[in-house]
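Below is one structure, written out as structure tokens, with a few remarks after it.
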Protein chains: 2
Amino acid sequence: MGASLGEGERRKTAGSALARQQILRPGEASGRVIVLRQGWALRSAITSDGRRQVLSILLPGDIAGGEFLMRDKVRVPVQSLTPVEYCSFDVTYLKEIAGENPAFIWTFVDLCLSSKEASEARLIDLGRRNAEQRLARLILDLHRRLREKGLSNGATIPFPLRQQTVADALGLTQVHVSRVIRSLRQSRILQIRSGQLTILDMDALMATAEFYET
Amino acid sequence: MGASLGEGERRKTAGSALARQQILRPGEASGRVIVLRQGWALRSAITSDGRRQVLSILLPGDIAGGEFLMRDKVRVPVQSLTPVEYCSFDVTYLKEIAGENPAFIWTFVDLCLSSKEASEARLIDLGRRNAEQRLARLILDLHRRLREKGLSNGATIPFPLRQQTVADALGLTQVHVSRVIRSLRQSRILQIRSGQLTILDMDALMATAEFYET
DNA sequence: CGGTTGGTTGATATTATTCAATGGTCGTGG
DNA sequence: CCACGACCATTGAATAATATCAACCAACCG
């Protein structure tokens, strides 16, 4: 390890936060890339009239603050949704590694492409799908990601999202999200109870997500 | 330069296409990154029920097919909107350059971050802004980009987009786009004539884009 | 000409929002 | 244990935003 690294330059540090804390503040120039280890977090933007749009939901293993690789400040705030644990890496350290091992940089290109694909998928949802389809696709997306990370085995996933958060992710109001959830609940497609979401009828959910004939 | 490169491996080639041609087909594995030189193009997705969502509008200098850097196939089709000229680079050649000059890779990270920021900005529009705001922001975005590229000096920009295309970009219907344009025209904010769009009242357009109190 | 493409308009329907009231749950302090 | 406040969800009624359907118009092009 380096003999003398300043306080803000430690190569790798661990951190944690309670629920609803700002992990990255807009304008912040910490130059540290964060990897979430435990818990859920949100990247979200606020419009000038005070409405919120959730840009991405971060699960354990996901990265925040990757902008620091090419930007000196972060634009989009990141906040914890549940209590979180994370570690953070100094961006100059990461670039050092990349300098020694150029293939490492391609990892960033890959990560960046993946998150771009994800936000474009969400763009299609908001532009061209109705509320029921958007919700179904959000749930299927979370289900898939949690399974890939080994954080869910069957049809039940942790679901710490409030209806307002879902609304902010899907471009809807909380009231309407409540109604859409009710509709899916009454159709015996899913169930939400005590922070857990259970998919009762996966086929129907996928049908809803894919294409819902009015 | 290399003595024997196969037909599909030429390091750099030039190309052109008429309007409304597919430049990149989904599933295509050409492994060639395209730089648009002249004309406008679209990256757009089609939903299973046949609706279209424009993901980005490409202007001269913009890049298509950057996915080939990390993916073997392209997912999103790219089509010309006007007649276009472009050149394309073999991705293995680009990686070769990057191997010799690692700093070059960071350019890709930067490009990728920029396009991600752009699609997230659009996401906020579709999720949290009304039709009038979305249109105003689209126009201001095009105006800014064209100015930066030296393709427009004053308040007039080329505007080869059909109303249906605008609708597909903004998540609206063509009919509604027609009405919103009428509203902006009647307010003497802008004017569209023979493929040119003129911003008559920039302040009002910016006010509309930023925040429109109902 | 006649066909095609793109834009406009009106009438109506659907979807989602807004506003407002109500009830549940949970933690905290008396 | 209860009362209270904070937060979240549910519901109804009224309204606003946008879509749908269908007709028509204008420009352009062969």
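The values are calculated or read from the model by the stated rules, or taken from the named source; none is laboratory data. None of the values given here were measured: they were computed from a predicted structure. Neighbour counts run over all protein chains shown; Cβ positions are idealised from the backbone, glycine included. Surface accessibility is based on the protein's heavy atoms, side chains included, excluding ligands, DNA and RNA. Shrake-Rupley method; radii C 1.70, N 1.55, O 1.52, S 1.80 Å.
Taking 4.7 Å between beta carbons as the limit, the unpaired Cys residues of the protein assembly as shown are A:CYS87, B:CYS87. Take each residue in B:74-83, count the other chain C-beta atoms within 10 Å of its C-beta, and the mean is 1.
Peptide packing for B:84-95, A:131-142 was compared via the average number of neighbouring C-beta atoms within 10 Å per residue; ordered from the highest value, the list is A:131-142, B:84-95. Shown for A:GLN186: label points 7 Å from Cα along the beta-carbon vector, and their distances to the equivalent points in the other copies, 3.9 nm in ascending order.
Roughly how many whole Å is it from the C-alpha centroid of segment B:58-77 to that of segment A:130-179? Cα centroid of segment B:58-77 versus Cα centroid of segment A:130-179: 29 Å apart. Shortest first, B:ASP49 label-point distances to identical copies amount to 2.6 nm, with the label point at 7 Å from Cα along Cα→Cβ.
Solvent exposure of chain B amounts to 49 Å² per residue of accessible area, where only protein heavy atoms count and the probe is 1.4 Å.
A point 7 Å from Cα along Cα→Cβ stands in for A:GLU100, and the other copies hold the same point at 2.7 nm, listed in rising order. Per the accessible-area calculation with a 1.4 Å probe, the total area buried between chain A and chain B rounds to 4300 Å². Partner shielding of B:125-138 amounts to 4, given as the average count of beta-carbon atoms from other chains within 10 Å of each residue beta-carbon.
Each peptide among B:64-74, B:194-204 gets the average number of other Cβ atoms lying within 10 Å of its residues, and from highest to lowest they stand as B:64-74, B:194-204. Within the accessible surface of the protein assembly as shown, defined with a 1.4 Å probe on protein heavy atoms only, the carbon and sulfur portion equals 49 percent.
Once chain B is represented by equal point scatterers at the alpha-carbon sites, with solvent omitted, what log10 I(q)/I(0) does the Debye formula produce at q = 0.12, 0.16 Å⁻¹? Log-scaled intensity ratios, in q order: -0.69, -1.13.
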